[in-house]
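Step one of this worksheet: look at the structure below.
The values are calculated or read from the model by the stated rules, or taken from the named source; none is laboratory data. Since the model is a prediction, treat every value here as computed from it, not as a measurement. Because the Cβ atoms are built from the backbone with ideal geometry, glycine has one as well, and the counts that use them run over all protein chains shown.
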There are 2 protein chains.
Amino acid sequence: MASLSYLACSTIRCSATNNGSEPNKMGLNSIKVNGTSSFAAVNGVTTTSVAAVENVYVAKPQIRQNIPTQKQLVDPFRQGLMILDGVGYRQTVVIRSYEVGPDKTATIESILNLLQETALNHVWMSGLLGDGFGATHGMMKNNLIWVVSRMQLLVDHYPIWGEVMEIDTWVGASGKNGMRRDWLLRSQATGLVFARATSTWVMMNKQTRRLSKMPDEVKAELSPWFIDKEAIQSESLEKIEKLDNSAKYMNSDLKPKRSDLDMNQHVNNVKYVRWMVETIPDKFLENHQLASIILEYRRECGSSDLVQSLCEPNEGVTKIEHHDSTKISSLLNGFSLAPGAPESHGLLELLHPGPVSYTHLLKIKGQTKNEEIVRGRTTWKRKIVSIPFPTDIN
Amino acid sequence: MASLSYLACSTIRCSATNNGSEPNKMGLNSIKVNGTSSFAAVNGVTTTSVAAVENVYVAKPQIRQNIPTQKQLVDPFRQGLMILDGVGYRQTVVIRSYEVGPDKTATIESILNLLQETALNHVWMSGLLGDGFGATHGMMKNNLIWVVSRMQLLVDHYPIWGEVMEIDTWVGASGKNGMRRDWLLRSQATGLVFARATSTWVMMNKQTRRLSKMPDEVKAELSPWFIDKEAIQSESLEKIEKLDNSAKYMNSDLKPKRSDLDMNQHVNNVKYVRWMVETIPDKFLENHQLASIILEYRRECGSSDLVQSLCEPNEGVTKIEHHDSTKISSLLNGFSLAPGAPESHGLLELLHPGPVSYTHLLKIKGQTKNEEIVRGRTTWKRKIVSIPFPTDIN
């Protein structure tokens with residue numbers, strides 16, 4: 001069999017820049033590593049054992065990750081930069097082909113993934129990152145990890161495949177011992193805000209799994225980053241009632257798979273949302289798009305837990321009634337409604353027949369105490385393919 | 001309720017550059033759009049209907065995607081550039097937090113997703129892209145789509161969270177009517193090749209679903225991009241036998257979910273691989289890492305198909321025997337083996353107890369003719385946490 005030898009080096013950069021040259025060409029020869037020893041590795045489908053031996057030559061994780069120990073203002077690889085006087089973070093992302101669903105718009109899972117990613121990159125850039133899930137050096141010293149207690153996401157528009165987006169994120173205080181993290185997702189081309197999100201986080205002792213106060217050492221690390229700016233007005237907080245087994249829809253025996261676990265060995269958040277949404281009937285999902293989701297976390301879910309997903313439609317009352325009717329009228333100003341088209345509230349109802357929101361519960365199966373993993377509420381809007389519009393503003 | 005008004009404009013860029021300013025600040029006021037009409041949109045969890053009305057103000061997909069109609073040499077957003085005398089494509093990517101598994105290394109699904117993404121971005125940059133899945137303008141005119149017939153991926157090292165990688169991809173002729181696409185995945189910092197992949201593609205008529213010759217018009221579009229360069233030596237081609245129901249492991253009643261469909265309304269490739277891998281016993285997966293995968297595609301899988309995943313371990317014979325024993329010896333040169341450690345072939349066997357490869361079949365349940373979706377072969381290496389190494393080359 002023909003083989004391709006290459007250099008398994010870790011400290012030599014064969015090509016340092018994106019200049020269109022071929023970095024691996026140099027790697028096609030077997031050369032000395034640091035002048036100490038010479039070795040070649042054969043490569044191909046049949047050399048799996050050889051690859052295993054090679055593994056030891058890949059650089060240490062610390063060098064490969066290169067987590068900054070001091071605050072960085074820009075990161076060209078992450079396309080990130082510090083904003084808001086140096087305490088907030090902005091990252092430019094292109095919506096990838098596998099992040100969109102059959103309708104070519106980003107899935108809710110992709111959006112949640114991008115929020116997680118930008119949050120962690122914010123900590124990464126801050127110089128505070130101590131481990132994989134956003135814990136600071138002070139938190140690691142005190143054996144503390146972050147636990148999310150609440151998350152709210154509002155999506156006005158879904159990004160499409162290839163669209164360039166900007167995601168801003170920043171943090172603030174939440175009570176004495178918690179942290180708030182907010183996000184804005186915006187079109188890079190137009191500045192239009194597509195989505196906004198907020199979340200609250202508390203600290204948990206990694207061993208005892210009990211919630212912890214924020215130690216002064218950690219407060220000193222974090223508080224310089226806190227600002228008083230909210231992506232979502234706090235008035236929109238509302239209590240989510242607990243569902244019981246009389247809920248209209250239920251999926252049982254949901255079992256986390258290996259691929260559902262994140263680097264904390266926990267079921268990933270995104271999987272929770274998928275379990276929730278998949279409990280809603282397909283017929284509804286075909287014509288609706290998620291407009292908002294609120295998640296209230298109650299306990300951790302491990303890899304061996306069997307999960308039940310309960311879901312109850314909240315029929316009828318759309319929350320639009322809370323709004324100032326003048327604002328709705330002003331929204332409709334300038335629209336050329338078709339002759340006979342209903343006005344204002346009537347039009348909005350026409351756009352929203354059927355349930356507009358669902359209440360959700362994920363719980364551990366077979367437990368009666370402390371069984372709640374997460375409560376949720378989702379609101380939905382009908383998919384509008386295309387409404388002809390008199391003045392095309394594009 | 002407090003509300004946040006903002007401008008739902010699509011043509012005005014509130015902030016054009018990543019200068020750390022606040023693009024959405026300007027958007028917090030209601031201002032004239034193109035001088036023709038003024039409107040404000042109320043925002044918050046309770047305004048889903050309002051958001052639906054707003055939708056019409058988001059720019060057209062063509063403008064939001066901004067697919068180039070001429071060849072581009074660089075794309076700052078995708079961090080891509082043309083290489084190999086302008087016919088190949090390189091993209092820099094950072095491995096994201098949600099692309100890694102519990103061991104903090106990129107999952108095989110993430111790697112396959114990144115290959116798909118860079119392939120499509122290559123076509124995107126070429127100016128040839130006619131629709132979402134890589135079809136050229138000429139293909140669209142002839143009602144043709146791409147169908148993958150074979151894919152092979154070899155992974156020597158798995159990237160870890162936060163690691164910066166470069167992915168190169170290019171295309172070549174495959175027979176008269178097909179195309180080969182290859183990839184190299186490389187550490188940006190060291191140039192070390194982590195993975196290589198190759199694939200072959202043919203054209204299918206979108207309506208008749210029959211394979212098609214490559215029309216001259218399409219050949220004229222594509223052939224200037226073809227080069228004769230292979231990421232994997234073609235000698236490694238080997239036939240994969242068809243499994244029957246006597247296979248050792250079987251998962252039945254696999255049903256595609258909404259979230260498994262890609263923008264072509266088909267079950268995504270990555271889902272195939274997940275179905276295959278999940279059929280292998282957990283106990284094996286815990287200690288092994290995928291070293292290579294070959295996929296031979298036979299037919300499409302739609303959203304209503306019930307799928308069976310069959311899997312058979314290929315016990316015993318490791319393919320290392322095919323190798324030139326001098327190469328293996330030279331690989332081991334310079335290693336300080338522990339006293340009494342077995343040499344060469346013996347060491348390799350020590351690293352590989354049990355099966356090293358599996359044969360796979362995904363098929364449509366309940367059909368006896370034309371039921372094969374994809375045949376596969378996976379090879380595996382034992383996970384090596386850390387082997388103490390006399391000379392730390394980092």
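Tabulated results
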| item | result |
| --- | --- |
| A:K239, sole failed condition from (1) among the basic types (K, R); (2) at the interface with chain B (Cβ under 9 Å from one of its Cβ atoms); (3) within 23 Å of A:Q152 (Cα to Cα) | (2) |
| Positions within segment B:64-95 being touching a Lys or Arg at 6+ places or on another chain (Cβ under 9 Å) and within 30 Å of B:E286 (Cβ to Cβ), in sequence order | B:V94 |
| Qualifying residue in segment A:207-221 (condition: hydrophobic (A, V, I, L, M, F, W, C) and farther than 23 Å from A:G130 by Cα) | no |
| Of all residues making up segment A:243-274, the number that are farther than 13 Å from A:P313 by Cα and assigned to a loop (DSSP other than H, G, I, E, B) | 11 |
| Some residue of segment B:127-147 being assigned by TED's automatic domain parsing to the domain that holds B:M203, within 29 Å of A:M263 (Cα to Cα) and of a type outside the set (K, R) | no |
| Matching strands (runs of 3 or more DSSP E) fully within segment B:101-202 where at least 1 residues are closer than 16 Å to B:Y89 by Cα | B:164-174, B:178-187 |
| Of residues in segment A:275-311 being assigned to a helix (DSSP H, G or I) and in contact with a Ser or Thr (Cβ under 8 Å, 6 or more places away or on another chain), the one surrounded by the most Cβ atoms within 10 Å (Cβ to Cβ) | A:M276 |
| Residue among A:S97, A:S110 that is more than 7 Å from every other protein chain (Cβ to nearest Cβ) and within 29 Å of A:V273 (Cα to Cα) | A:S110 |
| Some residue of segment A:208-215 being closer than 30 Å to A:D85 by Cβ, more than 12 Å from every other protein chain (Cβ to nearest Cβ) and in contact with a Lys or Arg (Cβ under 8 Å, 6 or more places away or on another chain) | yes |
| Residue in segment A:240-255 that is surrounded by fewer than 17 Cβ atoms within 10 Å (Cβ to Cβ) and within 21 Å of the chain's Cα centre (by Cα) present | no |
| Looking only at segment B:159-194, and only at residues there that are without any contact (Cβ under 8 Å) to a residue 12 or more places away in the chain and among the small types (G, A, S), the one that is farthest from the other protein chains (Cβ to nearest Cβ) | B:G175 |
| Lone qualifier among A:K229, A:K257 - being of a type in the set (K, R) and closer than 27 Å to A:L362 by Cα | A:K257 |
| Close pairs from segment B:196-225: first assigned by TED's automatic domain parsing to the domain that holds B:A291, partner at pLDDT 95 or above, Cβ under 7 Å, at least 6 apart | none |
| Answer residue from segment A:256-297, given it is more than 14 Å from A:I373 (Cβ to Cβ) and among the polar types (S, T, N, Q) and is farthest from the chain's Cα centre (by Cα) among those | A:N287 |
| Residue match in segment B:248-259 (condition: within 21 Å of B:W146 (Cα to Cα), among the charged types (D, E, K, R) and touching a strand residue (DSSP E or B) at 6+ places or on another chain (Cβ under 7 Å)) | no |
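Table: residues versus (1) under 19 Å from A:I111 (Cβ atoms); (2) at pLDDT 65 or above; (3) more than 9 Å from chain B (Cβ to nearest Cβ).
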site	(1), (2), (3)
A:E278	yes, yes, no
A:K283	no, yes, yes
A:N287	no, yes, yes
A:I294	yes, yes, no
A:L310	no, yes, yes
A:N314	no, yes, yes
A:H352	no, no, no
